[in-house]
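The values are calculated or read from the model by the stated rules, or taken from the named source; none is laboratory data. Quick caveat, the model's predicted, so the values are computed rather than measured. Cβ placement follows ideal geometry from the backbone for every residue including glycine, while neighbour counts extend to all protein chains displayed. With ligands, DNA and RNA removed, areas are computed over all heavy atoms of the protein, side chains included. Shrake-Rupley method; radii C 1.70, N 1.55, O 1.52, S 1.80 Å.
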Amino acid sequence: MAVCARLCGVGQSRRCRRRQRQNQQDQCSDSDMDEEEEERIVALRQSDVCGGPESARTVTAGPRDAPGPLRPRALSELPPELLVEIFSTLPGTVLPNVALVCKKFRQILNTETIWRRRCVAEFGMKEDLRKMEVGAVSSRDLYVKRVIPRVKSGRFMKLLPDYEHMDYKDVYTHLLHPYRHILGIWQPDIGPYGGLLNVVVDGLFIIGWMYLPPHDPRVEDPMRRRPLFRIHLWESKKATVECMYGHKGPHKGDIQTVKKDEFSTKCNQTDHHRMPGGRQEEFRTWLEEEWGRTLEEIFHEHMQELILMKFIYTSQYDNCLTYRRIYLPPPLPSALLQPGLFKGTYGSHGLEIVMLSFHGTSARATKLTGDPNVPAGQLTLDVDLSRPVVLPDLESQRSIEELSRLVLGVHAEVQREMEQQAKEASTAASTSTEEGACGGEERSPDQSASSENCQPESSGSSNPPELQPFVLPLGVMARNEVYPRTCRKCFYGTGLIAGHGFTSPERTPGLFVLFDQDRFGFIWLELKSFSLYSRLTDHLPHAQAPNMERFEAMLRNMQSWTS
């Protein structure tokens, strides 16, 4: 309010009216001032059409005004249309304070233009609520087909509120602003399985979309989306939360803020989740949606056990879920590869979502979805960009022994350097505490030089590396037989493997293969398998990390959630 007072040249609302009354000779009321101001504006507009500037002087000149053009002495004296333009640029959170300045500001702040621009600028809402009523039909049809396929569109429409008397100020005040803290991407707490939730403003709703990978092994297909909840306004201008889980349409739900960067959803009508055929029908429906096939089509017994285990575990969370905020990795000026989210193949566990980020000379892939062996939140890949691997000719590439010789040679070198650094640190610590602290940070000259040379390349400093032929070694299993036959670069890296229940985890050497900006692969030498990763290209608003420090803190927290 103090900022607004300095802008308009007035004090608090009472002081504003007192100062205006003191400057008036006739001690008129607020209504008289409003009428006089309207007459002045009307006279000014008429002068533009009828008499020009001279006529304006004649009409607007009064006992306390000297002859001359009308010049506003404060922000409050500007024409209403200019005040609308000015107020439209202010954050919506400060507009209620602006309305306290004076009666004129309070009246102008009821203008739809101001609140429409704030909804668009701050939340990405569409330009026209009335047009959205026509354009949103397809979205409603989508809900009908996905959520309640046996219910006709007309019956479903009765569940929606009437927006004829809704305006942007109501939408901003009662819907967007109160729930702004849940917009963005989140990871649900579903044990080792995790997930990816994107909460967005979608038409006149705030919708929580669960993002599901495509069916295995079609890693380059687009993501699948499933609505979990939605928030909208009823005619009472009260936000209503509805659960979208199940196959009987939206029903009563609730959202609670647990703490900063964490919230939970609760379903108040879990009977809507049940199906007439009982658990067997629910399992068959879930299996078709999750895997795109029936249990009879999955011949591998171990894979059947994993699928059944996931259904039993995840179905326990259909009435209450907790979500923790996650961020997208900050972009980098690199010609090598931009960070982001990728879908990857993980053998019998199907497709999973990972987050690729860069930390100095390391590229790291963190799981957003996981499995009983390596749960969500764990570092699945750790690639050393300072250790490139030069591939041999195609004939030699087909030999798993030749590829293992190359990668294991780099792995042995890394182990020797780590042992040498540990020995030097131990020696320095025994000599002096201060020298020990420095010794722990020391790096060998060769390693320092390689780190400087392998920083992410600037996009304008050099051209992308030339493509070279690539083929998988014989005996390496790949879920997707269609993989690129050329690559840009290869690097030494390690992948995390573990037993069921995340027992005996260890990092095993492998080869990171960069195909292009949207695809990379990893050869797990010990498992003799190949994982192909494809970029997730969906638009994810409100998901960028404020800075690198917040992003790295989020990664550390993710690992602690599942450890």
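How about the range 218-256: which of its residues are under 27 Å from Lys169 (Cα atoms) and either under 18 Å from the mean Cα position of the chain (by Cα) or among the hydrophobic types (A, V, I, L, M, F, W, C) (or both)? Answer for the range 218-256, where residues must be under 27 Å from Lys169 (Cα atoms) and either under 18 Å from the mean Cα position of the chain (by Cα) or among the hydrophobic types (A, V, I, L, M, F, W, C) (or both): Pro227, Leu228, Phe229, Arg230, Ile231, Leu233, Trp234, Ala239, Val241, Cys243, Met244, Ile255.
For first residues located in the range 395-411 and without any contact (Cβ under 8 Å) to a residue 12 or more places away in the chain, partners that are open to solvent by 40 Å² or more (accessible area, probe 1.4 Å) and lie 6+ apart or on another chain with Cβ distances below 8 Å form the pairs Ser396/Glu402. Is there a residue in the range 276-292 that is closer than 16 Å to Asp189 by Cα and out of contact with any Asp or Glu (no Cβ under 6 Å at 6 or more places or on another chain)? There is no residue in the range 276-292 that is closer than 16 Å to Asp189 by Cα and out of contact with any Asp or Glu (no Cβ under 6 Å at 6 or more places or on another chain). The number of residues in the range 257-274 being more than 20 Å from the chain's Cα centre (by Cα) and part of a strand (DSSP E or B) comes to 2. Of all residues in the range 315-330, those satisfying the criterion of being of a type outside the set (A, V, I, L, M) and over 14 Å from the mean Cα position of the chain (by Cα) are Ser315, Gln316, Tyr317, Asp318, Asn319, Cys320, Thr322. Exactly one residue out of Lys237, Lys260 is farther than 20 Å from Pro214 by Cα, in contact (Cβ under 8 Å) with a residue 40 or more places away in the chain and open to solvent by 80 Å² or more (accessible area, probe 1.4 Å): that is Lys237.
Every condition in (1) in contact (Cβ under 8 Å) with a residue 40 or more places away in the chain; (2) over 27 Å from the mean Cα position of the chain (by Cα); (3) surrounded by 13 or more Cβ atoms within 10 Å (Cβ to Cβ) is met by His302 except one, and the failing one is (3). So if I check each of Ile312, Ile307, which one is of a type in the set (A, V, I, L, M), touching a residue at least 12 places away in the same chain (Cβ under 8 Å) and outside any strand (DSSP E or B)? Checking each option against the conditions leaves just Ile307. Residues that are within 14 Å of Arg535 (Cα to Cα), part of a loop (DSSP other than H, G, I, E, B) and not aliphatic (A, V, I, L, M) occur in the range 332-340; there is at least one.
Yes/no per residue for (1) of a type in the set (Gly, Ala, Ser); (2) over 19 Å from Pro188 (Cβ atoms):
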{"site": "Glu301", "(1), (2)": "no, yes"}
{"site": "Ile312", "(1), (2)": "no, no"}
{"site": "Gln316", "(1), (2)": "no, no"}
{"site": "Leu336", "(1), (2)": "no, yes"}
{"site": "Gly347", "(1), (2)": "yes, yes"}
{"site": "Ile353", "(1), (2)": "no, no"}
{"site": "Thr366", "(1), (2)": "no, no"}
{"site": "Asp371", "(1), (2)": "no, no"}
{"site": "Gly377", "(1), (2)": "yes, no"}
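Output the residues belonging to the range 538-563 that are small (Gly, Ala, Ser) and open to solvent by 50 Å² or more (accessible area, probe 1.4 Å). Result: Ser560, Ser563. Candidates in the range 383-433 are the residues that are among the basic types (Lys, Arg) and open to solvent by 40 Å² or more (accessible area, probe 1.4 Å); of these, the one that is nearest to Thr486 (Cα to Cα) is Arg398.
When restricted to residues that are under 29 Å from the mean Cα position of the chain (by Cα), within 18 Å of Asp170 (Cα to Cα) and of a type in the set (S, T, N, Q), the range 79-110 contains 2. Answer with yes or no whether Ile190 is aliphatic (A, V, I, L, M), in contact (Cβ under 8 Å) with a residue 12 or more places away in the chain and assigned to a strand (DSSP E or B). Taking the combined requirement at face value, the residue does not satisfy it.
Looking at the range 373-402, which of its residues are assigned to a loop (DSSP other than H, G, I, E, B), out of contact with any Gly (no Cβ under 6 Å at 6 or more places or on another chain) and not charged (D, E, K, R)? Once the filter is applied, which keeps residues that are assigned to a loop (DSSP other than H, G, I, E, B), out of contact with any Gly (no Cβ under 6 Å at 6 or more places or on another chain) and not charged (D, E, K, R), the range 373-402 yields Asn373, Val374, Pro375, Gly377, Gln378, Val389, Val390, Leu391, Pro392, Ser399. The sole residue among Phe512, Phe491, Phe522, Phe502 that is aromatic (Phe, Trp, Tyr), under 29 Å from the mean Cα position of the chain (by Cα) and within 17 Å of Val414 (Cα to Cα) is Phe512.
Among the residues making up the range 536-563, those that are in a loop (DSSP other than H, G, I, E, B) and of a type outside the set (Ser, Thr, Tyr) are Leu536, Asp538, His539, Leu540, Pro541, His542, Ala543, Ala545, Pro546, Asn547. Is it the case, given these coordinates, that Leu356 is closer than 15 Å to Pro509 by Cα and open to solvent by less than 10 Å² (accessible area, probe 1.4 Å)? When the stated conditions are applied, Leu356 does not pass them. In the range 467-492, the residues that are over 23 Å from Lys343 (Cβ atoms) form Cβ pairs under 6 Å with partners that are part of a loop (DSSP other than H, G, I, E, B) and open to solvent by less than 20 Å² (accessible area, probe 1.4 Å), at six or more places apart or across chains, as follows: Tyr492/Val389. Of the listed requirements (1) more than 25 Å from Gly208 (Cα to Cα); (2) at pLDDT 90 or above; (3) open to solvent by 20 Å² or more (accessible area, probe 1.4 Å), Arg325 misses just one: (1).
One residue alone among Asp318, Asp371 is touching a His at 6+ places or on another chain (Cβ under 6 Å) and open to solvent by 20 Å² or more (accessible area, probe 1.4 Å), and that residue is Asp318. Could you go through the range 441-450 and let me know if any residue there is open to solvent by less than 80 Å² (accessible area, probe 1.4 Å), within 24 Å of Ile523 (Cβ to Cβ), assigned to a helix (DSSP H, G or I) and modelled with pLDDT under 50. Yes; the residues of the range 441-450 include at least one that is open to solvent by less than 80 Å² (accessible area, probe 1.4 Å), within 24 Å of Ile523 (Cβ to Cβ), assigned to a helix (DSSP H, G or I) and modelled with pLDDT under 50.
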